[in-house]
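**Student:** I'd like to ask you about the structure that follows.
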Amino acid sequence: MTRALLPDLSPWKASADFRRLWKSGLISGFGSFLTFVALPVQLKDLTGSAAAVGAVGAVELLPLIVCGLYGGALADALDKRGLILWTEAGQGLLSAALLLNALLPHPAVWPLYAVAALSSALVSVQRPALDSLWPRIVAHDDMPAAASLNSLRWTVGGVAGPAVAGVVVAYAGLGWAYAADLLTFAVSLAYVVRIAPSPASEEAAKPSLGAVAEGARYAWGRKELLGTYAVDLAAMFLAMPMAVLPFLADELHADWALGLMYAALPAGALLVSLTSGWTSRVHRHGLMVVLAAAGWGLAVAAAGVCGNVWLVLLLLTVGGGFDMVSGVFRAAMWNQTIPDELRGRLAGIELLSYSVGPQLGQVRAGGLAAWAGVRTSVWSGGLACAGVMGLLALCLPGLMTYDARTNEHAVRMRRRRTAAAETTTAETVG
């Protein structure tokens with residue numbers, strides 16, 4: 001029974017490049033979560049405004065949209081490893097800029113917004129390359145297991161990074177958090193350079209607005225994919241509470257718990273990842289996406305109502321677990337059904353679905369908190385999320401009935417991957 005719950009390690013055992021990319025993401029992700037906590041804390045200290053903290057989402061939005069869509073076209077047309085390598089190096093330089101600003105006698109506010117915008121642009125170029133690389137280095141039937149292992153990688157950093165950041169920021173200072181982030185990018189690059197090149201497929205289009213439009217037309221024709229985008233966008237926009245956590249900690253008279261609040265969501269995701277063996281045996285992915293997103297909303301709503309900090313931490317942990325379940329099955333649907341020559345552009349669209357929501361959600365949460373109060377901002381968003389999931393379930397029958405065993409796109413991709421593997425084996429033997 002216990003073994004059936006443990007993560008499926010098949011992708012890890014079969015692919016050296018999967019292992020290298022997994023380790024790289026774990027290390028750089030840990031550092032990024034240090035900055036994820038340090039930057040809003042620094043903004044809070046410098047401005048004292050919830051709206052100013054929430055405005056980070058606004059400055060990140062435009063580069064995310066523009067670079068995410070065009071970054072998907074670049075991922076299809078260029079070597080994916082090269083894109084990952086250069087964007088990782090750029091992220092390291094931005095961490096150095098934050099460190100230098102923090103060391104000034106009077107740190108400025110504008111560099112925090114500038115770095116947030118530039119970092120959003122680099123991540124938006126990198127993520128389509130990363131997301132389109134996984135299906136090349138992992139077997140088709142192992143994609144749910146790979147999604148679970150990738151979520152495990154993210155959540156380990158998500159739990160450890162904020163928890164460590166809370167201690168580092170409180171007792172050592174912001175500069176140490178930014179310095180640690182810079183170091184993790186250097187180590188991450190050492191893993192990325194060892195990954196095999198991953199050039200564009202022969203069918204890939206050159207990067208252009210026309211290529212972006214082609215990807216959008218394909219996505220529009222796949223209603224079950226559109227459903228996954230709508231679910232994630234709504235869930236993150238309505239119920240993401242991250243921007244107001246520093247103020248929620250103040251309201252609960254628990255400044256000491258801020259790092260734990262940031263860590264609670266990824267802690268819940270980590271618990272799901274560590275017991276994710278069951279995900280490989282689930283085939284109704286769309287149904288699980290919707291149900292888990294509704295659970296996320298209800299957990300966040302309950303956290304906004306509670307006045308006990310320990311209950312808030314528990315409910316945020318539960319919410320993080322539901323969010324991870326939804327994410328695992330969204331990733332499985334994407335990676336098992338989208339053709340290789342379109343994978344980068346669709347990954348760019350996916351990036352918008354799971355990134356625009358949190359960015360706009362920060363603006364929503366911060367603005368509503370300034371107007372109606374912090375806890376009202378949290379619980380009302382969670383309830384709205386759960387209600388919208390009910391409406392989407394009624395409006396998206398294709399998503400609710402999706403089955404990985406019978407969906408025409410999943411079957412086609414399974415056959416294509418099998419044929420490619422057989423051809424490679426025959427050429428090797430010959």
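The values are calculated or read from the model by the stated rules, or taken from the named source; none is laboratory data. Note that this is a predicted model, so its numbers are computed, not measured. Glycine gets a Cβ as well: all are built from the backbone with ideal geometry, and neighbour counts include every protein chain shown. Note: accessible area is taken over every heavy atom of the protein model, side chains too, but ligands, DNA and RNA are not part of it. Shrake-Rupley method; radii C 1.70, N 1.55, O 1.52, S 1.80 Å.
**Student:** Under 5 Å between amide H atoms, partner at least 5 residues away or on a different chain: which partners does Thr275 have, H built in plane at 1.01 Å?
**Tutor:** For Thr275, whose amide H was placed from the backbone, there are no distant partners under 5 Å.
**Student:** How large is Rg/Rh for the range 327-383, to two decimals, with Cα atoms and a Kirkwood Rh? Before the final figure, lay out each step's value.
**Tutor:** Details: Rg = 16.1 Å, Rh = 13.4 Å.
In the range 327-383, Rg relative to Rh is 1.21.
**Student:** Taking 0.36 nm per residue of sequence separation and subtracting the Cα-Cα distance, how much length would be gained by fully extending the chain between Val167 and Ala196, in nm to one decimal? If you can, show how the numbers build up before the last one.
**Tutor:** Numbers: separation 29, 0.36 × 29 = 10.44 nm, distance 3.80 nm.
Full extension of this stretch gives 6.6 nm more.
**Student:** Still on this structure, please answer the following. Find the percent of Cα-Cα distances in the range 1-117 that exceed 19 Å, and round it to a whole number.
**Tutor:** Values: 4190 of 6786 pairs.
For the range 1-117, the fraction of Cα-Cα distances above 19 Å is 62 percent.
**Student:** While we're on this one: When the chain is modelled as a GNM with alpha-carbon springs shorter than 10 Å, which of Thr279, Thr35, Thr47 fluctuates the most?
**Tutor:** Per the Cα network of the chain with a 10 Å cutoff, Thr47 tops the list.
**Student:** Starting from the Kirkwood Rh over alpha-carbon pairs, what translational D in µm² s⁻¹ does the range 257-379 have by Stokes-Einstein at 20 °C and 1.002 mPa s?
**Tutor:** Values: Rh = 15.8 Å.
Answer, rounded: 136 µm²/s.
**Student:** Now a separate question. Using only alpha carbons, build the gyration tensor for the range 31-75 and give me the equivalent ellipsoid semi-axes, biggest first, whole Å. Spell out each step's value before the answer.
**Tutor:** On the way: eigenvalues 144, 37, 5 Å².
Whole-Å semi-axes of the equivalent ellipsoid: 27, 14, 5.
**Student:** Seen from all sides and averaged, what is the projected area of the convex hull of the Cα atoms in the chain, in nm²?
**Tutor:** Details: hull surface 80.0 nm².
That works out to 20.0 nm², a quarter of the Cα hull's surface.
**Student:** Taking the chain as a Gaussian network, where each spring joins two C-alpha atoms under 10 Å apart, which residue of Ala239, Ala301, Ala370 fluctuates the most?
**Tutor:** Of the options given, Ala370 has the highest mean-square fluctuation.
**Student:** Using only the Cα atoms, what convex hull volume per residue in Å³ does the range 84-175 have?
**Tutor:** Details: hull volume 9.1 nm³, N = 92.
For the range 84-175, the hull spanned by Cα atoms encloses 99 Å³ per residue.
**Student:** Using the Kirkwood radius over C-alpha pairs as Rh, can you work out the diffusion coefficient of the range 166-303 via Stokes-Einstein at 25 °C, viscosity 0.890 mPa s, in µm² per second?
**Tutor:** Details: Rh = 19.7 Å.
Answer, rounded: 124 µm²/s.
**Student:** Keeping all protein chains in place, calculate the accessible area per residue for the chain (probe 1.4 angstrom), answer in Å². Could the numbers behind the result be given before it?
**Tutor:** Working: 17700 Å² over 430 residues.
In whole numbers, the chain has 41 Å² accessible per residue.
**Student:** Any idea what log10 I(q)/I(0) is at q = 0.16, 0.18 Å⁻¹ for the range 329-421, Debye with uniform C-alpha scatterers and no solvent?
**Tutor:** -0.84, -0.95
**Student:** Quantify, in whole percent, the carbon and sulfur part of the accessible surface of the range 1-117 (1.4 Å probe; protein heavy atoms only). Walk me through the intermediate numbers first.
**Tutor:** Details: 3700 of 5180 Å².
Percent of accessible area from carbon and sulfur atoms in the range 1-117: 71.
**Student:** Mean separation of Cα pairs under 8 Å and 6+ residues apart, divided by the residue count of the chain: what relative contact order is that in percent?
**Tutor:** Working: 800 pairs, mean separation 120.9, N = 430.
That works out to 28 percent.
**Student:** In straight Cα distance, which aspartates and glutamates are under 19 Å from Lys23, not counting same-chain residues fewer than 8 positions off?
**Tutor:** List returned: Asp8, Glu88, Asp131, Asp142, Asp181.
**Student:** When only C-alpha pairs under 8 Å and at least 6 residues apart count, what is the relative contact order of the range 89-239, in percent?
**Tutor:** Working: 52 pairs, mean separation 49.9, N = 151.
In percent, rounded to a whole number, it is 33.
**Student:** Please report the base-10 log of the normalised intensity I(q)/I(0) for the range 242-328, using a Debye sum with one equal scatterer per alpha carbon and no solvent, at each q in 0.16 (1/Å).
**Tutor:** So the normalised log intensities are -0.61.
**Student:** Here is a follow-up. Which order do peptides 311-320, 385-394 fall in by mean Cβ count within 10 Å, highest first? Numbers along the way, then the final one.
**Tutor:** Values: 311-320: 22.4, 385-394: 17.7.
With the highest mean Cβ count within 10 Å placed first, the list reads 311-320, 385-394.
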